1. Restricted to the range 257-290, and to residues that are without any contact (Cβ under 8 Å) to a residue 60 or more places away in the chain, hydrophobic (A, V, I, L, M, F, W, C) and closer than 15 Å to ARG313 by Cα, which residue is surrounded by the most Cβ atoms within 10 Å (Cβ to Cβ)?
2. Collect the residues in the range 144-178 that are assigned to a strand (DSSP E or B) and touching a Leu at 6+ places or on another chain (Cβ under 8 Å), keeping them in residue-number order.
3. Residue pairs, Cβ under 8 Å, 6 or more apart or interchain, first in the range 237-252 and in a loop (DSSP other than H, G, I, E, B), second open to solvent by less than 30 Å² (accessible area, probe 1.4 Å) and of a type outside the set (A, V, I, L, M, F, W, C). List them.
4. Which of the following residues is part of a helix (DSSP H, G or I) and more than 26 Å from ALA447 (Cα to Cα): ALA54, ALA32, ALA66, ALA44?
5. How many residues does the range 154-193 contain that are open to solvent by less than 20 Å² (accessible area, probe 1.4 Å), of a type in the set (Gly, Ala, Ser) and touching a helix residue (DSSP H, G or I) at 6+ places or on another chain (Cβ under 7 Å)?
6. Looking at ASN336, ASN378, which one is in contact (Cβ under 8 Å) with a residue 40 or more places away in the chain, open to solvent by less than 60 Å² (accessible area, probe 1.4 Å) and in contact with a His (Cβ under 9 Å, 6 or more places away or on another chain)?
7. Give the number of residues within the range 258-287 that are of a type in the set (A, V, I, L, M, F, W, C) and more than 15 Å from PHE333 (Cα to Cα).
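The values are calculated or read from the model by the stated rules, or taken from the named source; none is laboratory data. Not measured: the values here are computed from a predicted model. Note: ideal-geometry Cβ built from the backbone for every residue, glycine included; neighbour counts use all protein chains shown. The accessibility values were calculated without ligands, DNA or RNA, using every heavy atom of the protein model including side chains. Shrake-Rupley method; radii C 1.70, N 1.55, O 1.52, S 1.80 Å.
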Amino acid sequence: MREPISSYPHVRVRGDGRQVVSQAGAVLLLEAVRKTGLDQAISAALAPWRKPRAVHDPGKILLDVALAVALGGDCLADVAMLRCEPAVFGPVASDPTVSRLIDTLAASGEKALQAIRSARSEVRHRAWSLAGESAPDADGQVTVDLDGVLVIAHSDKQDAAPTWKKTYGHHPLTAFVDHGPGGTGEPVATLLRPGNAGSNTAADHITTAQLALAQLPKRYRRGRQTLIRTDSAGGSHDFVSWLAKRGRWLSYSVGMTVSEAIHEHVLKVPASAWTPAIENDGEARDGAWVAELTGKFLDGWPKGMRLIVRKERPHPGAQLRITDADGMRITCFATNTTGRPIAALELRHRLRARAEDRIRAARATGLRNLPLHDTAQNRVWMEIVQIALDLLAWMPMLALTGRARLWEPRRLRFRLFSAAGQLVTTGRRRILRLARHWPWTDEITAALERLALLPDPG
């Protein structure tokens, strides 16, 4: 008996297959685009940039690139994965046409960016309305997390500079709407900055917050129902004052640097004033306590600001800092929320760590590097990345349930979008038949059925 030379069967490969569709699961994204009206909104917004005899719609070109990024692409040329499937994605522009559009939009500067952002804001309102109880504002509250991210540059690009981590590249400031424990999150702002931009620059935080608020439905652009969370990079006097300004009345939960005055005050807090910190399930967090600080060091800060400090035993191997006390890791944050236990407020602030998950998803969706040279071009690229992330948030919000609702982009691509299919034309209808043996075919078809039940735009 002949011994096999491999653990896998030998398959002969031929490149003459017909009516076979790769990335067939991407129809989930296409259906989400259609139901939210994103294609119509982007096309209308970019209509001023369409030349009289142009074959391709600028809105569809931009959306095609965003779809390619959502499927895992990281440069403009990756739109080729859509171009090879015209029966599913329609006509797709050539690479030179795509490049010319990006150059044109970049030359238009803020006008083009504002057009794209206005379209996204309009569609976001509809997407949240369609989502109903699955929307991030289902409980009448919206949480926006601001955080910085380092984007490494492997070549000399405009505004690339040494970063505080001794790398080289850019330091964008991002904002994401938190979908809570039952979902993921979606981007609402990205401010592209040089790599040497300061972490705690108040002007940049204010600009990013303004861009983020403009993306929300109008009723959430001011008022206590909107919570802005940041780490200690946002803990500046100017930024907190801007958040609390009369007429804006935003809620905030902003990390603060442990100053010498705060450190000395923590040492004087009596043991009876410390309250056990809590976990998501309401149980006490082992080795962690919280307390509220009051004193003259709050003079000059906005009226109603509260300073809450947490002390916690450091994890094994963690090194203490000079601002830590009695062998405990000390952190603090400022908030203007009243009527809730300080342990609940500390837990709410600690959940800001979900922003790191959103940044990880963004890195896997076009933000690992900036593929273009000029800053104006890369600002357009950042808008494309945000559209891709919007789709990767809206589609699960509208169509997926259970654990699948929490899947991040890498898992969505592996399990859903990469499914293969066969395109069959019968009469005047096109039918896409997914592989029956694919483990997640039922998940895809069930999601498409849920999307089909949603009303069409207009």
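1. VAL290
2. Initially, the range 144-178 is screened for residues assigned to a strand (DSSP E or B), giving 144-148, 151-152, 161-162, 168-170, 173-178.
If the condition is that a residue be assigned to a strand (DSSP E or B) and touching a Leu at 6+ places or on another chain (Cβ under 8 Å), then VAL144, LEU146, ASP147, GLY148, VAL151, GLY169, HIS170, LEU173, THR174, ALA175, VAL177, ASP178 are the ones that fit.
3. ALA244/TYR252; ALA244/PRO302; ALA244/ASN336; TRP249/GLY223; LEU250/GLY223; LEU250/THR226
4. Details: ALA54 fails: part of a helix (DSSP H, G or I); ALA32 fails: more than 26 Å from ALA447 (Cα to Cα); ALA66 fails: more than 26 Å from ALA447 (Cα to Cα).
Being part of a helix (DSSP H, G or I) and more than 26 Å from ALA447 (Cα to Cα) holds for just one of ALA54, ALA32, ALA66, ALA44, which is ALA44.
5. Adding up the residues that qualify gives 4.
6. ASN378
7. Restricting attention to the range 258-287, the residues satisfying the condition of being of a type in the set (A, V, I, L, M, F, W, C) are 258, 261-262, 266-267, 269, 271, 273-274, 277-278, 284.
Still in the list and also more than 15 Å from PHE333 (Cα to Cα): 267, 269, 271, 273-274, 278, 284.
Counting residues in the range 258-287 that are of a type in the set (A, V, I, L, M, F, W, C) and more than 15 Å from PHE333 (Cα to Cα) gives 7.
Let's see how each residue does on (1) touching a residue at least 24 places away in the same chain (Cβ under 8 Å); (2) open to solvent by 30 Å² or more (accessible area, probe 1.4 Å):
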position: ALA361; (1), (2): yes, no
position: GLY366; (1), (2): yes, no
position: ILE384; (1), (2): yes, no
position: ILE387; (1), (2): yes, no
position: ALA419; (1), (2): yes, no
position: ARG429; (1), (2): no, yes
position: PRO439; (1), (2): yes, yes
position: ASP442; (1), (2): no, yes
